[in-house]
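Student: Just dropping this structure here.
The values are calculated or read from the model by the stated rules, or taken from the named source; none is laboratory data. Quantities reported herein were computed from a predicted structural model and do not represent experimental measurements. Glycine gets a Cβ as well: all are built from the backbone with ideal geometry, and neighbour counts include every protein chain shown. What goes into the accessible areas is simple: the full protein's heavy atoms, side chains included, and nothing from ligands, DNA or RNA. Shrake-Rupley method; radii C 1.70, N 1.55, O 1.52, S 1.80 Å.
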Amino acid sequence: MARIVYVNGRYAPWGEAQVHAEDRGFQFGDAVYEVCEVRGGRLIDETRHMDRLARSLGELKITDPMSRGAWARVMREVIRRNRVVDGSVYLQVSRGARPRDFLFSNADMTPTVVCIARHVNVTRRDASAKGIAVKSMPDIRWGRCDIKTVMLLPSSLAKEAANAIGAKEALMIDSDGFVTEGASSNAWIIDDKGRLITRPASNDILRGITRTTLIDLLKKEGLELVERKFTLAEAKAAREVFITSATSIVTPVTRIDDTPIGNGAPGLTASRLRELFHTVAERAAA
């Protein structure tokens, strides 16, 4: 658990960190967030995460409450106060607080800012290299998954359903039978020709930062990337399946529902990409 939380200019003990009861993030999900990996005391892909935060704020017309330099100082101070070496930093910005109304006006609201740093269990993180099981679930999320908002109830319900059968992630399936992404990750398959396939970035999925950095790695390694939709049936028949996110990095999938992937062991390509990922990711001193 985080010991110190940043809320609206104040570093407060975790149990005392508060936001207003009528904050629009609480009442309407009118907020965006980012999660940035901290590894070996360094922030991973900070620039891309902050670029995406700025984009999300812009899409919802929420005023960016800080300069890029101020964000950097807050993140590093929260990391320092919580003594995080391996873990993550969570940033959240809501439109602010005002008497409850579906309509809003940015002119009379000050955004609410929260920053939390948490440790990660390194042993548990490294255990994901052994592969995970996932459960397919209907994708019932809204039509702007490209904006990283806090409206995560459909993803939370999907993950609960996955957890109930011993799976670690849910694989979201659209109404046409195509995989969109994981509940909190991007989804990838490798076909019998060794091509890496992932759904094109659009309003249907989040343009994952780990996804983007992994594409840099694929180019460096000379691996073929195909951005297209793929079905659940294709995923179950694939040579390899894996997911990517800031907290899972590159994690092999060994089973979808009741179907083992390949021989039921982590794929060689996914495992290698996991090992190489941080050689291309931006590593900024925290």
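Student: What is the residue count in the stretch 231-242 for residues that are buried (at least 16 other Cβ atoms within 10 Å of the Cβ), out of contact with any helix residue (DSSP H, G or I) (no Cβ under 9 Å at 6 or more places or on another chain) and either touching a residue at least 40 places away in the same chain (Cβ under 8 Å) or within 13 Å of LYS168 (Cβ to Cβ) (or both)?
Tutor: Count: 4.
Student: Taking the criterion of being over 29 Å from LEU43 (Cα atoms), in contact with a strand residue (DSSP E or B) (Cβ under 7 Å, 6 or more places away or on another chain), of a type outside the set (Val, Ile, Thr) and open to solvent by 60 Å² or more (accessible area, probe 1.4 Å), would at least one residue in the stretch 119-137 satisfy it?
Tutor: Initially, the stretch 119-137 is screened for residues over 29 Å from LEU43 (Cα atoms), giving 135-137.
Narrowing further to those that are in contact with a strand residue (DSSP E or B) (Cβ under 7 Å, 6 or more places away or on another chain): 135-137.
This time we only want the ones that are of a type outside the set (Val, Ile, Thr), so: 135-137.
If we keep only those that are open to solvent by 60 Å² or more (accessible area, probe 1.4 Å) too, we end up with none.
No, that holds for no residue.
Student: So which residues in the stretch 69-87 are more than 21 Å from the chain's Cα centre (by Cα) and either in a helix (DSSP H, G or I) or buried (at least 18 other Cβ atoms within 10 Å of the Cβ) (or both)?
Tutor: Narrowing the stretch 69-87 to residues more than 21 Å from the chain's Cα centre (by Cα): 69-70, 73, 77, 80-83.
Matches in the stretch 69-87: GLY69, ALA70, ARG73, GLU77, ARG80, ARG81, ASN82.
Student: For VAL5, work out the one condition from (1) in contact (Cβ under 8 Å) with a residue 40 or more places away in the chain; (2) open to solvent by 10 Å² or more (accessible area, probe 1.4 Å) it doesn't fulfil.
Tutor: (2)
Student: Can you run down the residue pairs with Cβ atoms below 8 Å, 6 or more apart or on separate chains, where the first is in the stretch 53-72 and more than 20 Å from CYS145 (Cα to Cα) and the partner is among the hydroxyl-bearing types (Ser, Thr, Tyr) and open to solvent by 70 Å² or more (accessible area, probe 1.4 Å)?
Tutor: PRO65/THR110
Student: Same structure, new question: Is it true that some residue in the stretch 189-212 is out of contact with any Pro (no Cβ under 9 Å at 6 or more places or on another chain), under 20 Å from ASP126 (Cα atoms), buried (at least 20 other Cβ atoms within 10 Å of the Cβ) and not aliphatic (A, V, I, L, M)?
Tutor: Yes, the stretch 189-212 contains a residue that is out of contact with any Pro (no Cβ under 9 Å at 6 or more places or on another chain), under 20 Å from ASP126 (Cα atoms), buried (at least 20 other Cβ atoms within 10 Å of the Cβ) and not aliphatic (A, V, I, L, M).
Student: Could you check the stretch 12-68 and list, in sequence order, the residues that are more than 13 Å from PRO111 (Cα to Cα), open to solvent by 40 Å² or more (accessible area, probe 1.4 Å) and among the basic types (Lys, Arg)?
Tutor: Scanning the stretch 12-68 gives ARG39, ARG42, ARG48, ARG55, ARG68.
Student: Against the definition (in a loop (DSSP other than H, G, I, E, B), in contact (Cβ under 8 Å) with a residue 24 or more places away in the chain and not hydrophobic (A, V, I, L, M, F, W, C)), how does HIS20 come out, yes or no?
Tutor: Working: in a loop (DSSP other than H, G, I, E, B): yes; in contact (Cβ under 8 Å) with a residue 24 or more places away in the chain: yes; not hydrophobic (A, V, I, L, M, F, W, C): yes.
So HIS20 fits the description; yes.
Student: Does the stretch 88-101 contain any residue that is in a helix (DSSP H, G or I) and over 30 Å from ARG255 (Cβ atoms)? Spell out the reasoning first.
Tutor: First, pick out the residues of the stretch 88-101 that are in a helix (DSSP H, G or I): none.
No: the stretch 88-101 contains no residue that is in a helix (DSSP H, G or I) and over 30 Å from ARG255 (Cβ atoms).
Yes/no per residue for (1) more than 20 Å from ALA235 (Cβ to Cβ); (2) open to solvent by 20 Å² or more (accessible area, probe 1.4 Å):
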residue: ILE249; (1), (2): no, no
residue: PRO252; (1), (2): no, no
residue: ASP258; (1), (2): no, yes
residue: ASN263; (1), (2): no, yes
residue: PRO266; (1), (2): no, yes
residue: ALA281; (1), (2): yes, no
residue: ALA286; (1), (2): yes, yes
